[in-house]
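Q: Mind having a look at this structure? Questions to follow.
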Amino acid sequence: MSNNKPKSHAKKRKILWGRVFASVFLIIVLLLIVILSITVFLKNDDKKPKNNNPTASDSSSADESVSGGNTVNSITASSDYIYLLAGKTKSVTVQFQADNASDFEAAEWTSSDESVATVDNSGNITGVAPGTCTVKVSCEHASDEINVTVRNIEIKDGITYIDGIMIVNKIYGLPESYDPGDTLPETKDAFEKMSEDAAKENLNIYVGSGFRTYEYQVEIFNNYSDIYGEEEANRFSSKPGHSEHQTGYTIDCNTIDSAFGDTRESDWLAQHCADYGFIVRYPDGKEDITGYEYEPWHIRYVGVDVAKEIYSKSLTLEEYLGIDGETEPAVTEPATVAETSSSSDSEE
């Protein structure tokens, strides 16, 4: 018995060490499998398309992948219409909405008529020639459309017309020789009708100031410049050649005073003047576009159809004609407007 015991213990130890080595080996294999699985997962994750569409909002997205079950619910353009001139570009952005999607394919932009306007993959729409077309933006099964109008601009006798509408502002002026002599007949007739209808509601709307000659505007602007300085005067008064009153299409109603904006007449005028072909030329909150302070009394005749569209979309004349944001004339004609030493719009 004594001779067998040492052998038995040695055999048991040998079996025990074998099991230990087997366990260690199994653990090592399992660890290698886990490490390999993590590595493969990370590599596949890096291959997924990332959200880098410059036209989509951070809070929105489209399809997760081509094989995924997520789909774009909607795509909405930042504007459903664009007005611009040939050679000019305006940008449109879009927002996506999708179910549980974290990645999406880039939106596709197309123009229905590239002879009128083109569009790039970032939503930059460029006017080519006067006309109308539709720009479509789509992603998966969702899409939206933007109606595009490219305006026609031309100069006749030193006067700028855009789609037949005379434009006079801080950039586009009139020659000193332009002088219709009085407020134009169509402007007078429309105003008289409007004034009569307002009177039926016990409102008194009358002409405070109408047509002004180039020479008279020189006096007005110089006087304001002497009192307030040219820079301050330029915020509410026009340089000679740049006053709408010289067009014959403009009327200042009642009193040229900010208090007019608090009257019933001012409220009625703002709501109804488009029905007679007028627009409030310098609306509140649009100073950065028109260049002038809010003037509730200053109306401009543009015709009923145009006036109603401008009013319904809360636009300025510059926005409607596609020249908002312009810093210099899109078309120039040599020696069209005489230069003066004074600056911009008065009691407009």
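Q: Under the classification rounded if a/c is under 1.5, otherwise prolate if a/b is larger than b/c and oblate if not, where does segment 158-270 fall, given a ≥ b ≥ c as square roots of the Cα gyration tensor eigenvalues? Before the final figure, lay out the partial values.
A: Working: a/c = 2.20, a/b = 1.33, b/c = 1.65.
Oblate.
Q: Could you put H245, H272 in order of accessible surface area, largest first, with the 1.4 Å probe and the full protein assembly present? Could you put the intermediate results ahead of the total?
A: Values: H245 0, H272 60 Å².
If we order H245, H272 from most to least accessible, we get H272, H245.
Q: Label segment 125-217 by shape, choosing from rounded, prolate and oblate, from the square roots a ≥ b ≥ c of the eigenvalues of the Cα gyration tensor; if a/c is under 1.5 it is rounded, and otherwise prolate applies when a/b is larger than b/c, oblate when it is not.
A: Details: a/c = 3.67, a/b = 1.56, b/c = 2.35.
Cα axes put segment 125-217 in the oblate bin.
Q: Between E196 and D267, what is the label-to-label distance in nm when each label sits 7 Å out along the Cα-to-Cβ direction?
A: Result for the modelled spin labels: 2.6 nm.
Q: Need one number: nm distance between label points at N204 and H141, each 7 Å from Cα along Cα→Cβ, rounded to one decimal.
A: It works out to 6.5 nm between the two label points.
Q: Can you send over the solvent-accessible area of E293, 1.4 Å probe, protein chains only, in Å² to the nearest 10?
A: Its heavy atoms expose roughly 70 Å² to the probe.
Q: If you roll a 1.4 angstrom probe over the protein chains with everything in place, what fraction of the accessible area of segment 227-278 belongs to carbon and sulfur, to the nearest %? Please list the in-between numbers first.
A: Numbers: 930 of 2170 Å².
Percent of accessible area from carbon and sulfur atoms in segment 227-278: 43.
Q: If you don't mind, another one. For segment 234-342, what number results from the quotient of the Cα radius of gyration and 2.2 N^0.38 Å? Show your work: numbers first, answer last.
A: Details: Rg = 14.5 Å, N = 109, 2.2 N^0.38 = 13.1 Å.
Here the answer is 1.11, to two decimals.
Q: Enter the per residue convex hull volume of segment 72-163, computed from alpha-carbon coordinates, in Å³ rounded to the nearest integer. Please report the intermediate quantities before stating the final value.
A: Values: hull volume 7.2 nm³, N = 92.
About 78 Å³ per residue, rounded to a whole number.
Q: Let me ask another. In terms of solvent-accessible area of protein heavy atoms at a 1.4 angstrom probe, what is the ranking of T126, T327, T76, highest value first? The partial results should precede the final answer.
A: Values: T126 40, T327 125, T76 75 Å².
So, going from the largest accessible area down, we get T327, T76, T126.
Q: Based on the Cβ-Cβ distance from E328 to I155, what FRET efficiency comes out when R0 is 22 Å, to the nearest 0.05? Working shown, then result.
A: On the way: r = 14 Å, r/R0 = 0.64.
The formula returns an efficiency of 0.95 here.
Q: Could you size up the charge dipole of segment 117-246 around its Cα centre, putting +1 on the beta carbon of Lys and Arg and -1 on that of Asp and Glu, and report it in debye to the nearest 20? Spell out each step's value before the answer.
A: On the way: 10 positive and 23 negative charges, 43 e Å.
In total the dipole reaches around 200 debye.
The values are calculated or read from the model by the stated rules, or taken from the named source; none is laboratory data. Treat the numbers as computed from the prediction; the structure is a model and nothing was measured. So basically every Cβ, Gly included, is an ideal-geometry build from the backbone, and we count neighbours across all protein chains shown. These accessible areas exclude ligands, DNA and RNA; they are computed on the full protein's heavy atoms, side chains included. Shrake-Rupley method; radii C 1.70, N 1.55, O 1.52, S 1.80 Å.
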